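See structure below.
Computed from the coordinates by the stated procedures, all read-outs in this text should not be read as laboratory data. In this text, all values refer to a predicted model and were calculated from it rather than measured experimentally. Because the Cβ atoms are built from the backbone with ideal geometry, glycine has one as well, and the counts that use them run over all protein chains shown.
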Amino acid sequence: MRHAILGAGGIGGFVGAILGKGGADVTVLLRPESFAAHPDTLDLMSPLGTAATRVTRSTRLDHPVDVLWVAPKATQLVASLHAVPDPRLAGVVVPLLNGIDHVALLRKELKGTTIVPGTIGAEAERTAPGRIAHRSPFARFGFAAQGKDALGRPAATLERFGCTVAWVVDEATLLWRKLVMLAPFALTTTAAMKPIGAVREDPKMLERLMGAAEEACAIALADGAGVDAAQVIESLKNFPGEMRSSMQKDVAAKRPPELDAIAGPIVRGGVRHGIDVPYTRGLVADVAKRVA
């Protein structure tokens, strides 16, 4: 199969390296200013294994592919779509961004394509162009069930590497299941600028973590998603203590965080459904202060 990766950061590079190791043809779509610095390889170090694969570099999608994986930061999504001038070449489009709102945006911008929403739960980052460090002991993918026929082969490749793959019938459930864990995790670790273990050891931050998780689940349920607050809280209690969120890393590196993509659906959902979300709003304010 032929794949293209839009957004060759931690997540895009992780996926591209594994697919390339599995024998797929992988093209990495790069910004013109990043093209020269990016090698024609993707090197992945992971608790699940290693992968070193050759890739094709390009600044625009100029040939048909079976799957276009969309994985830039949410703050860069609109600008990155200039690399896909003809959506007809994109095949099946699989976004792996944080949040929820990007799915509707892609369906608007890439008319005529099949969008199969996806999620990934993992701590992965680009340490240098073409070099990816996957740090969490797991990598959990979720895909909308309607894409099972088109994504069966790449999903099998991910599973052989050690990732887990789940197929979810309801898109809202798929996207909210990730966000209800990601939002409290990202907001608290960034507000405290500490890994999740240190957040849990601080009674005040632990209260905020649990409160934000309950708020996120309340909005998800109001939106019709199937989430379980007790399961979410139990998962947050068992995240590896050294895990840091990508939002925390972005703020530390003085990059724009995905604050609206991650917290926005909860805050706006609270207004829409008449549900107060004081823990989430307070954490957003704290992160905004750090950014300022």
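Computed values, structure above
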item: Sparse-neighbourhood loop sites, GluC sites (Glu not before Pro) in the range 184-292 - DSSP loop, at most 15 other Cβ within 10 angstrom; result: 242
item: Cα-based reach from residue 204 at 27 Å (exclusive), listing lysines while leaving out same-chain residues under 8 positions away; result: 178, 194, 237, 249, 254, 289
item: Residue-averaged 222 nm ellipticity for the chain, from DSSP H runs of 4+ at -39500 (n - 2.57), nearest 500; result: -14000 deg cm²/dmol
item: Residue order, fewest to most surrounding Cβ atoms within 10 angstrom, among 67, 15; result: 67, 15
item: Enclosed volume per residue, in Å³, of the convex hull spanned by Cα atoms of the chain; result: 117 Å³
item: GNM result for the chain, Cα springs below 10 Å: residue of 62, 101, 260 fluctuating most strongly; result: 62
item: Amide hydrogen neighbours beyond the local backbone of residue 61, cut-off 5 Å, H modeled; result: 84
item: Long-range amide H partners of residue 41 with built H, under 5 Å; result: 55
item: Estimated dipole of the chain in Debye, rounded to 20 [Cβ of Lys and Arg +1, of Asp and Glu -1, Cα centre]; result: 540 debye
item: Counted charge near residue 89, where neighbours are those whose Cβ lies closer than 13 Å (Asp, Glu -1; Lys, Arg +1); result: 0
item: Residues 141, 14, 185 arranged by fewest to most Cβ contacts within 10 Å; result: 141, 185, 14
item: Lysines with Cα under 23 Å of residue 21, excluding same-chain neighbours fewer than 8 positions away; result: 148
item: Least to most buried among 19, 105 (fewest other Cβ within 10 Å first); result: 105, 19
item: Counting all C-alpha pairs of the range 172-291, share separated by more than 24 Å (%); result: 18 percent
item: Charged-residue dipole, Cβ positions (Lys, Arg, Asp, Glu), the range 162-280 about Cα centre, Debye nearest 20; result: 420 debye
item: Axial C-alpha extent at least 15 Å, average Kyte-Doolittle at least -1.0 - helices from the chain (DSSP); result: 10-21, 148-161, 171-192, 203-222, 259-273, 278-291
item: Residue of 131, 160, 208 that the Gaussian network model of the chain assigns the largest fluctuation, springs spanning Cα pairs under 10 Å; result: 160
